[in-house]
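To keep things clear, I will list the structure first and then write my remarks on it.
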Amino acid sequence: MPCVPVVATERSAAGRDLAMGGAIVLALLLGALGVSSHDAARQGEVVRLVRVKPADAEIRRLVIDGHQRSGTFRALMDELHQSNMIVTIQFGPCGNGRIRSCVSDVQTDGRQRFVRVKVDTRTTDDRLIATIAHELQHAVEIGRDPEVTTSDQALALYRKIALGSCGQGMSEKCETQAALDVEARVNDELARTPRIVAAIAEGRDEQRP
Ligand SMILES: [Zn+2]
């Protein structure tokens, strides 16, 4: 299962742009739609895209869909929203396209920490949501260790917690059992939960001023 939690790419300006952009709260009030969710407790819940920041409308749709249909996905977002992490999610190649998704660009401005999640588009929406959840788990792993503020420190963290050759210091392709488990759980939850509710919510979201 390919995954590179830490890629030593050059520092991009995008992280700093986000830092200056401030907190833009995108609220989606499902309760206002009269949506009959399989989970009544979620009606009226706000999907906060403050610390988890989709880079475009397509990723935003997937994140909102995942948040609605998967309790595991929601739990990841909840934990990140209680951290000092800002996680930007975008489409893009990892490892020159040989890897389907990754976390990279671990940075800090001294107050907040920034990481970038990149995912490959060449799969189904539900697989993409599960892949995003997998990478959010890595963001959570980084978020739980306040000492990790650079990609090198993130790699040092994965030397301790990763499976296989990364944990043995022989590879920078790092993977954790927790991320694999999260991905499997989200896949299961999505398979049990239809998409129609998410489609309604998405349409509503687009109409918001
Ligand atoms: Zn992984």
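None of the figures in this text is laboratory data; all of them are computed from the coordinates on show. Treat the numbers as computed from the prediction; the structure is a model and nothing was measured. For neighbour counting, all protein chains shown are included, and Cβ atoms are generated from backbone atoms with ideal geometry for every residue, glycine included.
Name the residues whose placed amide hydrogens come within less than 5 Å of the amide hydrogen of residue 86, ignoring near sequence neighbours (fewer than 5 apart) on the same chain.
Under 5 Å from the amide H of residue 86: 113, 114, 115.
Sort 130-142, 113-125, 59-71, 88-100 by packing, meaning the average of other beta carbons within 10 Å per residue, with the highest value first. The partial results should precede the final answer.
On the way: 130-142: 25.4, 113-125: 19.2, 59-71: 22.5, 88-100: 16.2.
With the highest mean Cβ count within 10 Å placed first, the list reads 130-142, 59-71, 113-125, 88-100.
Please give the FRET efficiency for residue 124 paired with residue 144, using the beta carbon to beta carbon distance and R0 = 35 Å, rounded to the nearest 0.05. Don't jump to the answer; show the numbers that get you there.
Details: r = 30 Å, r/R0 = 0.86.
Here the calculated transfer efficiency is 0.70.
Between residue 191 and residue 84, what length in nm is gained on full extension when 0.36 nm per residue of separation is reduced by their alpha carbon distance?
Working: separation 107, 0.36 × 107 = 38.52 nm, distance 3.18 nm.
So the extension gain works out to 35.3 nm.
Taking the alpha-carbon distance from residue 53 and a cut-off under 19 Å, which lysines remain once sequence neighbours fewer than 8 residues away in the same chain are dropped?
Those lysines meeting the cut-off are 118.
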